[in-house]
Structure formats: structure tokens, C-alpha cells
There are 2 protein chains.
Amino acid sequence: MDNDLHLTQHISKRFNEELEDARNQVMQMGGLVEQQVRNGLKALLEADTELANKVVDLDEQVNQLEIDIDENCTQILARRQPAASDLRLMISIIKTITDLERIGDEAVKLGRNALKLSDDGKNSRQYVELRHLGEHVITILNQALTAYARMDVEDALKIIQSDRLIDEEFDNISRLLITKMMEDPREIKKALRISWCARALERVGDHAKNICEYIVYLVKGKDVRHTSIEEMRRQIQD
Amino acid sequence: MDNDLHLTQHISKRFNEELEDARNQVMQMGGLVEQQVRNGLKALLEADTELANKVVDLDEQVNQLEIDIDENCTQILARRQPAASDLRLMISIIKTITDLERIGDEAVKLGRNALKLSDDGKNSRQYVELRHLGEHVITILNQALTAYARMDVEDALKIIQSDRLIDEEFDNISRLLITKMMEDPREIKKALRISWCARALERVGDHAKNICEYIVYLVKGKDVRHTSIEEMRRQIQD
């Protein structure tokens with residue numbers, strides 16, 4: 001854990017446990033949506049409708065987790081009235097789970113599109129364009145969740161920086177799909193669906209980046225959103 | 001103001017003012033992003049590049065407002081340790097401004113696409129498909145912000161219900177654009193751009209719906225996210 005973060009050692013052992021439980025709940029939700037994105041991509045690439053349905057069905061559980069964690073944080077805020085880093089932890093959790101829930105929504109989109117693409121027939125195993133982007137995004141998400149677990153600011157900053165690469169990959173896919181559509185207008189519908197999936201993946205990357213910004217906020221007490229990387233590094237060194 | 005919400009009358013007049021200021025900041029940010037969406041749509045429909053640039057440039061101000069309000073709420077939480085409805089107000093503000101900031105991001109997308117479409121030449125005044133969706137979304141956003149100002153749960157529930165209509169309009173536009181692309185593949189690039197704009201507008205509607213859900217949470221103390229309208233009405237009557 002990063003040296004700058006001293007989650008206050010509380011006289012109440014119970015309070016320590018509550019904070020640790022809240023953090024664990026976030027990690028659990030993170031693991032769940034990461035698996036959901038992973039399965040959504042797999043369902044798409046392998047035209048696996050059973051897996052696609054599983055991804056869609058998991059949405060309810062993810063949504064319920066968000067509500068439970070929110071409720072838990074509100075209760076801690078009300079009963080414990082935390083200050084300083086404990087308060088920042090609560091706020092960062094409330095923000096993080098919003099992004100996790102939306103990552104779940106994007107995974108559901110992958111699942112739904114996998115079902116529709118398999119309805120349209122045949123085309124399994126041919127979305128090479130998506131595989132690379134998808135695997136990249138899942139790696140970023142996994143790294144973001146690990147950085148969250150370890151409160152690792154340095155890793156968080158690296159991840160924020162690498163989000164640009166995902167945007168570039170997304171642009172490349174879009175260009176490729178436009179060319180495909182122009183060459184064969186019968187492919188338009190399918191290409192559009194793939195482009196929706198690429199957009200969903202790109203948004204997962206955005207949410208992972210948001211989570212990393214909350215890590216910096218939590219550990220350093222600085223709000224680095226909407227700041228350039230150079231400016232972020234300067235700010236947290238102050 | 002809804003009868004169910006009793007923002008506690010505090011002995012400290014200063015505390016009352018702080019809460020009221022925080023609410024006003026949210027309203028100010030809301031007004032700003034509503035104007036941004038309005039201008040983004042106008043820039044698009046009228047191929048007004050000057051206005052489009054204005055929309056893009058406003059992003060910085062919206063982002064800064066989000067950071068300022070967040071900071072302000074954190075300080076109130078730390079210093080005043082609010083409970084009950086005051087605590088819910090703080091949490092609902094922290095959540096609402098995230099959605100407002102993302103509405104601003106969607107408006108910027110409208111502005112950027114307006115610039116690109118005008119680069120591609122001529123086509124001004126022909127995106128009738130977008131006009132209707134855009135005006136509908138702006139109405140919903142305006143109603144959501146009014147419901148927020150008045151803490152009007154009944155209006156909030158109506159708005160949540162009407163989001164479905166926006167999704168339908170979006171689907172219609174998508175179908176129309178696919179037909180256009182198939183008929184004339186030279187139009188693919190332009191049609192795709194219009195479809196990105198439609199998607200941005202649809203997402204503004206989603207965020208307006210989120211804000212309405214926070215209104216219900218704030219006033220009724222119930223988390224109604226991911227709940228059907230019937231279930232919501234049942235829950236808040238308990």
C-alpha cells in the first residue's frame with residue numbers, strides 16, 4: 001500500500017473492519033464486472049449465445065451490489081462521521097462503484113450484440129478487429145482494479161496515460177469498418193454492430209481511467225480529473 | 001418543495017447557507033450544461049462552426065465546476081458531519097454532478113461532430129432526424145433540472161418513465177440511417193457521424209434519468225435505481 005495513505009487506525013476495531021469490508025465489497029464488484037466484460041468479449045468472438053445470455057443476466061447482481069455498497073457507505077458516513085482519509089475513502093468508493101456499474105452496462109451491450117450477431121447468422125470467429133481492442137481494454141481494467149486494491153498511485157498514473165492508446169485503437173477500428181461498409185454495403189448492418197461493440201469496449205477503458213483518478217484522489221487527496229499527466233505528476237509532488 | 005423532504009433547520013445559520021449554496025452550485029452547473037447541449041444541437045443543425053467551437057471550449061469551465069462542487073461537498077461532510085436528509089443531499093449532489101459533467105462531454109461530442117461535418121462540406125440544415133430527438137432530449141433535461149430545483153418526486157418519476165420514448169426515437173434514427181447508407185454508400189461516413197450524434201443525445205437522456213433517480217433518493221431516502229416504475233411507486237409509498 002502506498003506510503004501516503006494512512007487509513008486512520010481507529011480505537012474502534014469495528015470501524016476498521018467496516019472500512020475494510022467496504023473496500024472488499026468494491027473489489028468483489030470489480031472482479032464481477034471484469035469477468036462480465038471478459039465473457040462479453042468471448043461470447044462475441046466465439047458466437048457463444050449461452051455465455052452471452054449469462055453476461056446479460058449478471059446485470060441484476062451487479063446493480064444490486066452497487067445499491068448495497070452505496071447503502072453501506074451512507075450508513076458508515078452517518079454513524080461514524082469519518083474525516084480526512086476515511087472520508088476520502090467513502091467518497092472514492094461511492095464514485096468508483098458508479099463506474100463499475102457502467103462497465104457492467106457496457107458488458108451487457110457486448111452480450112446483447114453477441115446475441116444479435118449470432119441471430120444474423122454464421123459470422124463467428126471473424127471479429128479480429130475487436131479481439132485486440134477487447135484484450136487491451138480488459139488488461140487495463142484488470143490493472144486498474146489491482147492498482148485500486150494496492151492503492152498504487154504510480155500504476156494508476158501509468159494507466160491513465162495509456163488510455164490514449166485505446167482511443168487510437170478505437171479510431172483505427174472505426175476507419176476500417178467504414179472502408180468495409182463502403183466496399184460491401186450488404187455488410188453495413190453487421191459492421192455497425194461491431195462498431196457499437198468497439199465503442200462499448202472503449203468506454204470500459206474510460207471508466208477504468210476514472211477509477212484510476214479516484215485512486216490518486218484517495219491516496220494523495222488531490223483531484224486530478226481533467227488534468228494532463230504532466231500536471232498530475234507535478235500536483236501530487238507538491 | 002416536496003413535503004417529505006425536511007432539510008433540517010440548523011441552529012447554525014451558516015450551515016443552512018452552505019447547504020443552499022451547494023444546491024445552487026448544482027443548479028448553476030445544470031444550467032450551463034443544458035445550454036451546452038442546446039448550443040451543440042444548434043451548431044449541428046445550422047452548421048455554425050463558431051457556436052460549435054464555443055461548445056467545445058466551455059468544457060473546461062464545466063469540468064472545473066465539478067471539481068469545485070466536489071471539493072465543497074467534501075469540506076461540508078468533513079466539517080459539519082451531516083446526518084439524515086443533509087447527508088443524502090451531499091451524496092446526491094456528488095452523484096448528480098458526475099452526470100452533469102458527462103452531459104457536458106456529450107455536448108462537446110455534438111460540437112466536435114458539427115465541426116467535422118462542416119469540414120466535410122455543404123450539408124447544413126439537413127439533419128432533420130436529429131432535430132426531433134435533440135429537442136426531446138433537451139426538454140427532458142430541462143424538466144429534470146426543474147424537478148431537481150423543486151425536489152419534485154412526482155415529476156422525477158414521470159421523467160424516468162419517458163426515457164423509454166427517447167430510446168425508441170434513437171432506434172428509429174438508427175434504422176433510418178442504415179437504410180440511407182445502404183441506398184448510397186457514399187453517405188456512409190456522414191451517416192455514421194450523425195449516428196454518433198444521435199447516440200450522444202440519447203446518453204444525455206440517460207443522464208437526465210439518473211438525476212431524477214437521485215431526486216427520488218434524496219427526497220424519499222429510497223434507492224430506486226434499476227427498478228421498474230411500478231416497483232418505484234410501490235416503494236416510495238411504503
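Listed values, structure above:
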quantity: Search result, residues across region A:167-190 that are of a type outside the set (S, T, N, Q), within 14 Å of chain B (Cβ to nearest Cβ) and loosely packed, with under 15 Cβ neighbours inside 10 Å; calculated: A:Asp167, A:Asp171, A:Arg175, A:Glu183, A:Asp184, A:Arg186
quantity: Residue within region B:147-155 that is assigned to a helix (DSSP H, G or I) and within 14 Å of chain A (Cβ to nearest Cβ) present; calculated: no
quantity: Check on A:Arg164, assigned to a helix (DSSP H, G or I) and within 11 Å of chain B (Cβ to nearest Cβ); calculated: no
quantity: Selection within region B:83-125 - touching a Cys at 6+ places or on another chain (Cβ under 9 Å) and within 10 Å of another protein chain (Cβ to nearest Cβ); calculated: B:Met90, B:Ile91, B:Ile94
quantity: Which listed residue, of B:Glu154, B:Glu169, is within 15 Å of B:Ile229 (Cβ to Cβ) and of a type outside the set (Lys, Arg); calculated: B:Glu154
quantity: Extreme residue, nearest to A:Gly111 (Cα to Cα), among residues of region A:53-74 that are buried (at least 20 other Cβ atoms within 10 Å of the Cβ) and over 17 Å from the mean Cα position of the chain (by Cα); calculated: A:Asp70
quantity: Among residues of region B:135-170, those that are in contact with a helix residue (DSSP H, G or I) (Cβ under 8 Å, 6 or more places away or on another chain), modelled with pLDDT under 95 and closer than 20 Å to B:Arg193 by Cα, counted; calculated: 4
quantity: First in region A:171-200 and modelled with pLDDT of 90 or more, second anywhere and among the aromatic types (Phe, Trp, Tyr) and buried (at least 16 other Cβ atoms within 10 Å of the Cβ), Cβ under 9 Å, 6 or more apart; calculated: A:Ile194/A:Tyr127; A:Cys197/A:Tyr127; A:Ala198/A:Phe170; A:Arg199/A:Phe170; A:Arg199/B:Trp196
quantity: Odd one out for A:Leu44, checked against (1) surrounded by 23 or more Cβ atoms within 10 Å (Cβ to Cβ); (2) closer than 21 Å to A:Gly134 by Cα; (3) within 14 Å of chain B (Cβ to nearest Cβ); (4) not charged (D, E, K, R); calculated: (3)
quantity: So B:Val33, is it more than 14 Å from chain A (Cβ to nearest Cβ), more than 30 Å from A:Ser85 (Cα to Cα), at pLDDT 95 or above and buried (at least 16 other Cβ atoms within 10 Å of the Cβ); calculated: yes
quantity: Contacts under 9 angstrom Cβ, first residue in region B:64-82 being at the interface with chain A (Cβ under 9 Å from one of its Cβ atoms), partner of a type in the set (S, T, N, Q) and in a helix (DSSP H, G or I), 6 or more apart; calculated: B:Glu66/B:Thr98; B:Asp70/B:Thr98
quantity: Meets criteria (charged (D, E, K, R) and touching a residue at least 60 places away in the same chain (Cβ under 8 Å)) for B:Arg164; calculated: no
quantity: Residue match in region A:112-131 (condition: out of contact with any Pro (no Cβ under 6 Å at 6 or more places or on another chain), closer than 30 Å to A:Ile236 by Cβ and part of a helix (DSSP H, G or I)); calculated: no
quantity: Qualifying residue in region B:223-231 (condition: more than 10 Å from chain A (Cβ to nearest Cβ), touching a helix residue (DSSP H, G or I) at 6+ places or on another chain (Cβ under 9 Å) and surrounded by fewer than 20 Cβ atoms within 10 Å (Cβ to Cβ)); calculated: yes
quantity: Given (1) more than 24 Å from B:Lys222 (Cα to Cα); (2) modelled with pLDDT of 95 or more; (3) more than 14 Å from chain B (Cβ to nearest Cβ); (4) surrounded by 15 or more Cβ atoms within 10 Å (Cβ to Cβ), number of the condition A:Phe15 does not satisfy; calculated: (2)
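The values are calculated or read from the model by the stated rules, or taken from the named source; none is laboratory data. These numbers were taken from a predicted model, which means no experiment stands behind them. With ideal geometry, Cβ positions are generated from the backbone for all residues, glycine too; neighbour counts draw on all protein chains shown.
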